[in-house]
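The values are calculated or read from the model by the stated rules, or taken from the named source; none is laboratory data. Just so you know, these numbers come straight off a predicted model, no measurement behind them. As a convention, Cβ positions derive from the backbone with ideal geometry for all residues, glycine included, and neighbour counts pool all protein chains shown. Note: areas computed on protein heavy atoms with side chains; ligands, DNA, RNA excluded. Shrake-Rupley method; radii C 1.70, N 1.55, O 1.52, S 1.80 Å.
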Amino acid sequence: MANGPKRLAQRLLAGFAPAVLLACAIHPASAREIDTRGGLERFISHIQEGYKRVANANALVSSDESKPASQPTRKPGSAKGPYYVDFRARTAASWGHAFVWYGKTSERAVEVAGLTPAGDNVPYVLGHLMWVPSETGASYGDLDPQYLTASYRVYLNEPDAKRVFAYIKKLQASSPVWNAETTNCTAFIGSIAEFMGLKAPHRWQRPENYVNSLKAMNDGRQMIRLSSEQ
């Protein structure tokens, strides 16, 4: 009889243990399910938030693209016209030489005008005492940048350029002589500057100083517009 209660207790214990284990197994599984479900909800929430951010970014980009692009601000005096006259000075065996380049801004080809004694050294020496025959086109060194000592370039619109270029041609045709004191190279380009409405310095100075003075007297202005009276 003593073994009967013991065996009964063992049977009850054996039946109770699987029930406890099963309950323990069910509760952790439910907890993991809850955790998993909460994580999934948070994951979906993050995805939805990401979509909202992308949509907002796209809307911002579309708004920026719809705005007109800002234009660079042009500084006063920086405008350039389609034509130009370039007052230039270069080195020479003596005091130097002043002349002009002129032409179309978009083209590399240039026209050259200046006043020099025709020939070699003898006409130049005689030209300090008397008038000697002249040349009014390009002379040696006018196209070589290594000889350049000063430059002042101004720009013109097409109607004004036609008038200035015609004046230069006329001045060339009406300048048959050269003299170091009167009809010299600085006086020649000074006549062009005055026709264009620029202030011109006195002719009795070195060509380099003359061109630099011309630029300074006119405050370095780049765009020239002729008056109706010119």
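Data table
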{"item": "Spans of strands (runs of 3 or more DSSP E) in the stretch 91-135 with at least 2 residues within 21 Å of Phe195 (Cα to Cα)", "result": "97-104, 111-114"}
{"item": "Counted residues, the stretch 77-90 - those being under 18 Å from Asp142 (Cα atoms) and in a loop (DSSP other than H, G, I, E, B)", "result": "0"}
{"item": "The stretch 172-201, residues that are out of contact with any Lys or Arg (no Cβ under 7 Å at 6 or more places or on another chain) and hydroxyl-bearing (Ser, Thr, Tyr)", "result": "Ser174, Ser175, Thr182, Thr183, Ser191"}
{"item": "Which numbered condition Ser175 misses (of (1) under 36 Å from the mean Cα position of the chain (by Cα); (2) over 23 Å from Thr105 (Cβ atoms); (3) surrounded by 17 or more Cβ atoms within 10 Å (Cβ to Cβ))", "result": "(1)"}
{"item": "Lys170 being part of a helix (DSSP H, G or I), surrounded by 14 or more Cβ atoms within 10 Å (Cβ to Cβ) and basic (Lys, Arg)", "result": "no"}
{"item": "Test: residue in the stretch 94-112 that is farther than 23 Å from Val154 by Cβ and modelled with pLDDT of 55 or more", "result": "yes"}
{"item": "Residues of the stretch 189-230 classified as out of contact with any helix residue (DSSP H, G or I) (no Cβ under 9 Å at 6 or more places or on another chain), assigned to a helix (DSSP H, G or I) and among the small types (Gly, Ala, Ser), total", "result": "2"}
{"item": "Unmet criterion (only one of (1) buried (at least 18 other Cβ atoms within 10 Å of the Cβ); (2) free of Cβ contacts under 8 Å to residues at least 40 places away in the same chain; (3) β-branched (Val, Ile, Thr)) for Val110", "result": "(1)"}
{"item": "Number of the exception - Lys162 against (1) basic (Lys, Arg); (2) free of Cβ contacts under 8 Å to residues at least 24 places away in the same chain; (3) surrounded by 13 or more Cβ atoms within 10 Å (Cβ to Cβ)", "result": "(3)"}
{"item": "In the stretch 205-230, residue farthest from Phe188 (Cα to Cα) [restricted to those that are of a type in the set (A, V, I, L, M) and touching a residue at least 24 places away in the same chain (Cβ under 8 Å)]", "result": "Met223"}
{"item": "Count - residues of the stretch 184-210 that are at pLDDT below 95 and among the polar types (S, T, N, Q)", "result": "1"}
{"item": "Every residue from the stretch 128-158 that is among the aliphatic types (A, V, I, L, M) and either open to solvent by 60 Å² or more (accessible area, probe 1.4 Å) or without any contact (Cβ under 8 Å) to a residue 40 or more places away in the chain (or both)", "result": "Leu129, Met130, Ala138, Leu143, Leu148"}
{"item": "Residue in the stretch 52-62 that is at pLDDT below 50 and not in a helix (DSSP H, G or I) present", "result": "no"}
{"item": "Cross-chain or 6+ apart pairs with Cβ under 8 Å, the stretch 170-199 first and touching a residue at least 12 places away in the same chain (Cβ under 8 Å) and closer than 23 Å to Met217 by Cα, then among the aliphatic types (A, V, I, L, M) and surrounded by fewer than 19 Cβ atoms within 10 Å (Cβ to Cβ)", "result": "Thr183/Val177; Phe188/Leu171; Ser191/Leu171; Ile192/Leu171; Met196/Leu226; Gly197/Leu226; Leu198/Met217; Lys199/Met217"}
